[in-house]
Amino acid sequence: MSRKFNFCAGPAALPEAVLQRARDEILDWQGRGLSVMEMSHRSDEFVGIAEQAEADLRELLKVPANYKVLFMQGGASSQFAMVPLNLGGKGGTANYLYNGIWGKKAIEEGQRYLPTHIAASSEATGLSRVPFQSEIQLSADAAYLHYTSNETIGGLEFDYIPDVAVPLVCDMSSDILSTPLDVSRFGLIYAGAQKNIGPAGLTLVIVRDDLLDQAQAQMPTMFSYKTFADNGSMYNTPPTYAWYLSGLVFDWLKNEVGGLDKMAEINRRKAQKLYATIDGNDFYSNPIEPQHRSIMNVPFRLADASLDKLFLQQAEAAGLLNLAGHRSVGGMRASIYNAVPEAAVDALIEFMTDFARNRG
Ligand SMILES: *Cc1c(COP(=O)(O)O)cnc(C)c1O
């Protein structure tokens with residue numbers, strides 16, 4: 001068996017040490033004689049696993065005590081509806097920042113449940129940067145402001161946290177845990193797990209507790225944050241194995257990486273050298289303003305797009321997987337999440353330099 005370097009945008013690479021531990025524990029978890037997958041979610045064993053995962057996540061992100069951590073399902077896409085349903089009960093307008101494809105999807109879904117207002121957009125500048133704080137204009141009756149801290153497809157990331165007088169809601173699917181975070185600035189944070197947390201099937205929500213009683217009437221029980229908050233995310237059967245594996249990732253971040261300051265330092269180094277390769281070679285380009293380039297998702301184009309297929313074929317042969325850009329934009333994209341080791345980025349840079357020399 002040989003593991004290759006995986007640059008997939010999601011479901012994405014997991015830390016090898018986590019997969020090895022899961023392998024060691026898969027048949028018999030800590031001498032109990034059964035797999036985590038086969039445990040009752042109400043057993044002492046699983047409740048212990050779940051509580052440890054939450055405690056480690058809280059420690060990593062320094063989540064204040066007045067915030068609930070919810071382990072939900074349905075992906076980030078379900079949150080596009082759950083946010084207005086849960087926060088829009090007192091009326092008002094859902095405000096959004098628009099700077100990419102995921103934010104747009106959130107807006108389109110939000111429009112079905114609340115009046116919406118685009119408080120700032122970078123569409124006029126080709127979505128090559130994020131809106132600046134000075135451009136944000138909330139509507140008078142804003143219920144909250146939603147934004148996407150890292151646009152996974154476009155490859156642009158906020159370098160600041162918007163400062164507004166209404167609850168701030170953030171889709172952090174592709175950059176949560178990449179760097180330390182001041183959770184207290186937010187009303188609500190959500191993230192699908194399959195980028196930087198764990199396997200697909202789990203959706204993380206961190207919500208300030210005063211926002212749990214703002215739901216619209218007729219809320220389906222299973223779409224209500226309050227249901228999850230009141231029941232330790234176990235009103236019904238949670239995705240137990242995904243929760244357990246995410247817990248192993250939190251443990252890895254804490255004890256092997258050494259926390260989020262350390263993780264951020266490694267991520268910055270990985271991104272800097274990859275962007276330097278792109279900028280330093282006429283054969284490659286990236287259109288995003290340097291200040292707003294993502295440290296997690298690095299899209300790039302070849303000077304000659306007719307070589308795209310060859311690039312991908314040769315990359316795969318060199319053990320570099322999943323470098324094709326999103327199907328809606330084409331080109332290339334290297335997702336270099338927490339679990340993608342620096343050695344993977346070094347190998348990619350070497351491959352890119354050779355490819356440009358031989359073909360460019
Ligand atoms: C991947 C992604 C989504 C969609 O996630 P699902 O869990 O597949 O619904 C939404 N927002 C961002 C920023 C993403 O990266």
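Residue selection: SER184 fails the criterion of being among the small types (Gly, Ala, Ser), modelled with pLDDT of 95 or more and open to solvent by less than 10 Å² (accessible area, probe 1.4 Å). ASP44 passes every criterion in (1) more than 30 Å from ARG185 (Cα to Cα); (2) open to solvent by less than 20 Å² (accessible area, probe 1.4 Å); (3) among the acidic types (Asp, Glu) apart from (2). For region 273-287, the criterion of being open to solvent by less than 50 Å² (accessible area, probe 1.4 Å), free of Cβ contacts under 8 Å to residues at least 60 places away in the same chain, of a type in the set (Ser, Thr, Tyr) and not assigned by TED's automatic domain parsing to the domain that holds SER122 is met by at least one residue.
Quick grid of which residues meet (1) of a type in the set (A, V, I, L, M); (2) in contact with a Pro (Cβ under 9 Å, 6 or more places away or on another chain); (3) at pLDDT 95 or above:
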site: MET1; (1), (2), (3): yes, no, no
site: PRO15; (1), (2), (3): no, yes, yes
site: ASP24; (1), (2), (3): no, no, yes
site: PHE71; (1), (2), (3): no, yes, yes
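When the residues of region 197-213 are filtered to those that are out of contact with any strand residue (DSSP E or B) (no Cβ under 8 Å at 6 or more places or on another chain) and part of a loop (DSSP other than H, G, I, E, B), which remaining residue is farthest from LYS254 (Cα to Cα)? Looking at the filtered set, the residue picked out is ASP213. Being in contact with a Cys (Cβ under 6 Å, 6 or more places away or on another chain) and assigned by TED's automatic domain parsing to the domain that holds ASN99 holds for only one residue in SER149, SER184, and it is SER149.
The numbered conditions (1) surrounded by fewer than 24 Cβ atoms within 10 Å (Cβ to Cβ); (2) within 14 Å of the ligand (Cβ to nearest atom); (3) of a type outside the set (Ser, Thr, Tyr) are all true for VAL166 except (2).
Has region 192-209 got at least one residue that is more than 16 Å from the ligand (Cβ to nearest atom), open to solvent by 20 Å² or more (accessible area, probe 1.4 Å) and modelled with pLDDT of 95 or more? Yes, region 192-209 contains at least one residue that is more than 16 Å from the ligand (Cβ to nearest atom), open to solvent by 20 Å² or more (accessible area, probe 1.4 Å) and modelled with pLDDT of 95 or more. Do you know which residues across region 253-285 are farther than 30 Å from GLN20 by Cβ and either charged (D, E, K, R) or under 21 Å from the mean Cα position of the chain (by Cα) (or both)? Those that are farther than 30 Å from GLN20 by Cβ and either charged (D, E, K, R) or under 21 Å from the mean Cα position of the chain (by Cα) (or both): TYR275, ASP279, ASP282. Please determine whether any residue of region 90-98 is hydrophobic (A, V, I, L, M, F, W, C), open to solvent by 20 Å² or more (accessible area, probe 1.4 Å) and either out of contact with any Lys or Arg (no Cβ under 6 Å at 6 or more places or on another chain) or not assigned by TED's automatic domain parsing to the domain that holds VAL169 (or both). Within region 90-98 (the criterion being hydrophobic (A, V, I, L, M, F, W, C), open to solvent by 20 Å² or more (accessible area, probe 1.4 Å) and either out of contact with any Lys or Arg (no Cβ under 6 Å at 6 or more places or on another chain) or not assigned by TED's automatic domain parsing to the domain that holds VAL169 (or both)), the answer is no, since none of the residues qualifies. Just one of the numbered conditions (1) more than 16 Å from the ligand (Cβ to nearest atom); (2) surrounded by fewer than 16 Cβ atoms within 10 Å (Cβ to Cβ); (3) not β-branched (Val, Ile, Thr) is not true of LYS105: (1).
Taking the criterion of being of a type outside the set (S, T, N, Q) and either in a helix (DSSP H, G or I) or surrounded by fewer than 19 Cβ atoms within 10 Å (Cβ to Cβ) (or both), the residues of region 311-323 that qualify are PHE311, LEU312, ALA315, GLU316, ALA317, ALA318, GLY319, LEU321. Of all the listed residues (GLU38, GLU16), the sole one being more than 14 Å from TYR244 (Cβ to Cβ), surrounded by fewer than 15 Cβ atoms within 10 Å (Cβ to Cβ) and of a type outside the set (Gly, Ala, Ser) is GLU16. Do you know which residues across region 113-122 are open to solvent by 10 Å² or more (accessible area, probe 1.4 Å) and within 16 Å of the ligand (Cβ to nearest atom)? The answer is none; no residue qualifies.
Being of a type in the set (A, V, I, L, M), farther than 22 Å from LEU181 by Cα and either away from the ligand (no atom under 16 Å from the Cβ) or assigned by TED's automatic domain parsing to the domain that holds THR221 (or both): is that true of ALA76 here? No: the conditions fail for ALA76. Scoring ALA143 on the criteria (1) open to solvent by less than 40 Å² (accessible area, probe 1.4 Å); (2) within 18 Å of the chain's Cα centre (by Cα) leaves a single failure, condition (2). Condition check for ALA324 on (1) in contact with a helix residue (DSSP H, G or I) (Cβ under 7 Å, 6 or more places away or on another chain); (2) in contact (Cβ under 8 Å) with a residue 24 or more places away in the chain; (3) under 24 Å from GLY192 (Cβ atoms): one failure, at (2).
Under 6 Å between Cβ atoms, at least 6 apart or on separate chains: pull out the pairs that start in region 161-183 with a residue that is over 23 Å from GLN137 (Cα atoms) and end on any residue that is basic (Lys, Arg). What qualifies is SER173/LYS195; SER174/LYS195.
The values are calculated or read from the model by the stated rules, or taken from the named source; none is laboratory data. All of these numbers come straight from a predicted model, not from anything done at the bench. Don't worry about glycine lacking a Cβ; one is built from the backbone with ideal geometry, like all the others, and counts go over all protein chains shown. The protein model used for the area step is the full one, side chains on, heavy atoms only, and it has no ligands, DNA or RNA in it. Shrake-Rupley method; radii C 1.70, N 1.55, O 1.52, S 1.80 Å.
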